[in-house]
Amino acid sequence: MNFAYTRLVVSYFNWVWRHSRFKSTAAQRAGLATRAWSWHDMVTYPTIT
């Protein structure tokens, strides 16, 4: 079970890394990821507070 979980996590991060390099994630295509993320963004995001 642990090996399968590890493979799943590694595969997920590999997918994110590949697609973020080519600017092809859904957030990047929608223009939602045009700048770097910061902790202030998390605190002030309207649906979290």
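Extent of the chain along its three principal axes (Cα atoms, max minus min coordinate, largest first): 38, 28, 15 Å.
Work out, step by step, the length gained on full extension between residue 15 and residue 3: first 0.36 nm times the residue separation, then minus their alpha carbon distance; give nm to one decimal.
Details: separation 12, 0.36 × 12 = 4.32 nm, distance 1.83 nm.
Length gained between residue 15 and residue 3: 2.5 nm.
The sum of -39500 (n - 2.57) across all DSSP H runs of n ≥ 4, divided by the residue count of the chain, sets its helix-only mean residue ellipticity at 222 nm to -18000 deg cm²/dmol. Residue-wise HN-Hα couplings along region 29-43, as the Karplus relation 6.51 cos²θ - 1.76 cosθ + 1.60 with θ = phi - 60° gives them from phi, are 5, 7, x, 8, 10, 8, 9, 5, 7, 9, 5, 4, 4, 5, 5 Hz; Gly and Pro carry x.
Every read-out reported here was derived from the displayed coordinates using simple, explicitly stated rules and does not represent laboratory data. Remember, it's a predicted structure, so these values are computed and weren't measured experimentally.
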